[in-house]
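Chemist: One structure follows; several queries about it will come next.
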Amino acid sequence: MKILVCISQVPDTTAKIAFSENNTVFNAQGVTYIINPYDEWYCLVRALELKESGLASAVHLVTVGKADTEPVIRKALALGGDEAFRIDTDSSDPSVVAGQIAAFAQGQGYELILCGKESIDYNNASIGAMVAELLDMNFLGFAAKVDLAGSTITVNREIDGGEETDSCELPVVISCQKGVAEARIPNMRGIMAARTKPLKVIPPAAVAQLSSIVAYEMPPAKSGVKMIDPENMDELVRLLHSEAKVI
Amino acid sequence: MSVLVLAEHAQGIFKKKSLEAVQYAAKIAADMGTTVTAIAVGNVGDGELKSLGNYGAQQVLHTTDARLDNFNSRSWAKVVIAAAQKVGATVIIGTHDTTGKAVMPRVAARLQAGMVSGAVSYPDLSKGFVVKKNVFSGKAFAFVSITSDIKVISLMANSFPVIKGKGTATVENFDVALTDKDFSVKVVSVNKASGDIPLSEAELVVSGGRGMKGPENWYVLEALAKELGAATACSRPVADSHWRPHNEHVGQTGGTIRPNLYIAVGISGAIQHLAGVNGSKTIVVINKDPEAPFFKAADYGVLGDAMEIVPRLTEAVKKFKANQG
Ligand SMILES: Cc1cc2nc3c(=O)[nH]c(=O)nc-3n(C[C@H](O)[C@H](O)[C@H](O)COP(=O)(O)OP(=O)(O)OC[C@H]3O[C@@H](n4cnc5c(N)ncnc54)[C@H](O)[C@@H]3O)c2cc1C
Ligand SMILES: Nc1ncnc2c1ncn2[C@@H]1O[C@H](COP(=O)(O)O)[C@@H](O)[C@H]1O
């Protein structure tokens, strides 16, 4: 059973977000990139665990991105991925990213495709379900626990206002969040091994672009905090009612 | 041409965020000179279905196949796709929650429609079809232009007020041919927190951080939340230490919320925490450290010990509510 893990490169969580060219281009200057935390901490580690326990034969990684994503892909290989594939195009359009992943995975026999619940840059939370639709597979979103027994997958997943346990037969696409696994740190052996693991560059398939980001905007700056006398919570309530109008 | 909106309900009552989505659809339809069809799945009474007219729907398609009562993205997407084809929908709207995030991308992929997920504005039709959404986990917004014929939007909850009007909608039974394969996911068990306000749609939220010292102190936050009618949330280390359930964790790696009021108690205001809450309309920070970074992102601040301030605030709210009658 081969697992495909979708790896997205994103700015570090503490990165200062800024834009240039009249707010149309993300300013990457001084920004460090990381593997999207959900992809690294949960999807990849769970895939490795399934392989280590003999339930999976290989863990492949796929990234839709240009050559600048390779350091991040190498880190994922250092954690333990077997082979990586970089689809050589870059897009903010989820239809393009999902279309590329689906075109790549089609017919390759991946029975479990793992992606993060959301990327922390574009926050679409949509790639996994799109890939599932394009490959005519089931999709189980927002998993907090993923178990495999034979060819049956069982997940605990978040639903609106609660959680549920679902099960289905492979193949399936699952989006993962906290709970699925515990984050790991790459060790020296993994880092050395990653240097020689295959990282194949795949030319992009013909996939139509259906959306594009035309501009960015920073949220309005707060006008400054109004400090309230800790002895006078009636005043805070009054302000929340008559000034902020939220209660 | 028409606008289609998926309206979710809980035990037969439409959710507030879905009413928001219906009125959002109605505004778009009005701007485009067309009508709104809502689609509802499962057990909902006729009166409740018709009431979507109050929020601007002209027509409601009602699908009652009992197999759909267990939510699954594949079967639900098929229903939405069939409805879209029936009414010739050019704009399809859902909510940006665990339901919409699973269904709407499937619909978009199937119909080769461009999608904006987590929209926070009406589409700007003067520029084609441009919608604003959160990016970089709330640290910025992007304006996304959709260029395909069909457009799919999932709407961020609490982005628009729900305005109740007077219209009424016609209701039509809508059967969709579904196969066993559409139901190949088995729901083993469901565990819904009953009675509580779901965090994602709460207008008021009381949240606690490591400054609360331990789960045994949460009763002061719960009392405040109860008095306000608020939901409760927490910072990541609090969920990591199992002081609170994981679904209350907000921030970059937790949930993103946009309540009208976010009260942060004993939370330092790390950038990863702010990422999940900085869309809140008003932020109150209670912290004993005047240097806590959260004060910079706050509208109102109170300097002091949580265990003293919060009960005092609860009393003040109680008094206020009593005076309001
Ligand atoms: C990749 C990554 C992702 C992350 N994602 C998230 C996320 O999604 N959400 C999240 O919350 N964090 C996230 N974090 C963690 C984040 O960086 C902070 O460590 C975390 O938010 C701190 O939580 P806290 O404010 O509760 O605790 P602390 O930072 O320990 O702050 C406690 C605060 O309580 C105050 N305090 C102490 N005692 C009292 C008292 N008696 N009365 C009043 N105030 C008091 C202190 O002054 C302090 O400001 C992430 C970190 C990383 C690296
Ligand atoms: N460019 C990309 N290449 C590979 N996988 C991606 C890419 N973008 C997003 N993903 C995957 O899809 C998940 C959800 O991303 P999103 O829909 O953008 O929020 C991420 O956690 C990744 O697993």
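Chemist: List the strands (runs of 3 or more DSSP E) that sit entirely inside the stretch B:217-315 and contain at least 1 residues that are over 20 Å from the mean Cα position of the chain (by Cα). Can you show your working first?
Modeler: Numbers: elements: B:231-234, B:261-265, B:282-287, B:300-303.
Output list reads B:261-265, B:282-287, B:300-303.
Chemist: Another question, then. Could you pull out every one of the strands (runs of 3 or more DSSP E) wholly within the stretch A:1-118 that has 3 or more residues that are farther than 26 Å from B:ILE153 by Cα?
Modeler: Numbers: elements: A:2-6, A:9-11, A:33-35, A:58-64, A:83-87, A:110-116.
The strands (runs of 3 or more DSSP E) meeting that bar are A:2-6, A:33-35, A:58-64, A:83-87, A:110-116.
Chemist: Looking only at the stretch A:68-79, decide whether some residue is within 14 Å of chain B (Cβ to nearest Cβ) and within 14 Å of ligand 2 (Cβ to nearest atom).
Modeler: Taking the stretch A:68-79 as the starting set, the residues that turn out to be within 14 Å of chain B (Cβ to nearest Cβ) are none.
Among the residues of the stretch A:68-79, not one is within 14 Å of chain B (Cβ to nearest Cβ) and within 14 Å of ligand 2 (Cβ to nearest atom), which makes the answer no.
Chemist: May I pose another question? Residues to consider are B:THR95, B:THR64; find the one that is out of contact with any Pro (no Cβ under 8 Å at 6 or more places or on another chain), facing chain A (nearest Cβ under 10 Å) and in contact (Cβ under 8 Å) with a residue 12 or more places away in the chain.
Modeler: Numbers: B:THR64 fails: facing chain A (nearest Cβ under 10 Å).
None of the others qualify; the one that does is B:THR95.
Chemist: Name the one entry in B:VAL277, B:VAL302 that is crowded, with 24+ Cβ neighbours inside 10 Å and more than 7 Å from every other protein chain (Cβ to nearest Cβ).
Modeler: None of the others qualify; the one that does is B:VAL277.
Chemist: Quick one: count up the residues across the stretch B:305-324 that are free of Cβ contacts under 8 Å to residues at least 60 places away in the same chain, more than 9 Å from chain A (Cβ to nearest Cβ) and small (Gly, Ala, Ser).
Modeler: Final tally of qualifying residues: 1.
Chemist: If A:ALA58 satisfies every condition in (1) touching a residue at least 24 places away in the same chain (Cβ under 8 Å); (2) crowded, with 17+ Cβ neighbours inside 10 Å but one, which is the exception?
Modeler: (2)
Chemist: Picking from A:VAL180, A:VAL214, A:VAL173, which residue would you name as being within 26 Å of A:ASN124 (Cα to Cα) and touching a Gly at 6+ places or on another chain (Cβ under 8 Å)? Write out each step before concluding.
Modeler: Numbers: A:VAL180 fails: touching a Gly at 6+ places or on another chain (Cβ under 8 Å); A:VAL214 fails: touching a Gly at 6+ places or on another chain (Cβ under 8 Å).
Going through A:VAL180, A:VAL214, A:VAL173 in turn, just one is within 26 Å of A:ASN124 (Cα to Cα) and touching a Gly at 6+ places or on another chain (Cβ under 8 Å): A:VAL173.
Chemist: If we keep just the residues of the stretch A:209-225 that are assigned to a loop (DSSP other than H, G, I, E, B) and within 7 Å of another protein chain (Cβ to nearest Cβ), which is nearest to B:THR90 (Cα to Cα)? Break it down into steps so the answer makes sense when it comes.
Modeler: First, pick out the residues of the stretch A:209-225 that are assigned to a loop (DSSP other than H, G, I, E, B): A:209-210, A:218-225.
Applying the additional criterion that residues be within 7 Å of another protein chain (Cβ to nearest Cβ) yields A:210, A:218-219, A:222, A:225.
Values: A:LEU210: 14, A:MET218: 30, A:PRO219: 30, A:LYS222: 38, A:VAL225: 44 Å.
Across the stretch A:209-225, the extreme among qualifying residues is A:LEU210.
Chemist: Quick one: which strands (runs of 3 or more DSSP E) sit completely within the stretch B:104-207 and have at least 1 residues that are within 7 Å of chain A (Cβ to nearest Cβ)? Before you say what the answer is, go through the steps one by one.
Modeler: Details: elements: B:114-119, B:130-135, B:140-146, B:151-155, B:170-173, B:186-192.
Because the criterion is at least 1 residues that are within 7 Å of chain A (Cβ to nearest Cβ), the strands (runs of 3 or more DSSP E) in the stretch B:104-207 that meet it are B:114-119, B:130-135, B:140-146, B:186-192.
Chemist: When you scan the stretch B:83-101, how many residues do you find that are of a type in the set (Gly, Ala, Ser) and out of contact with any Leu (no Cβ under 8 Å at 6 or more places or on another chain)? Quick ask: steps written out before the conclusion?
Modeler: Let us first name the residues in the stretch B:83-101 that are of a type in the set (Gly, Ala, Ser), namely B:83-84, B:88-89, B:94, B:100.
Filter once more, keeping what is out of contact with any Leu (no Cβ under 8 Å at 6 or more places or on another chain): B:88.
Residues that pass the stated criteria total 1.
The numbers here are math on the coordinates, done by the rules we state, and not lab data. Predicted, not measured: the structure shown is a model, and the values here were computed from it. Please note: Cβ atoms are built from the backbone with ideal geometry, for glycine as well, and neighbour counts cover all protein chains shown.
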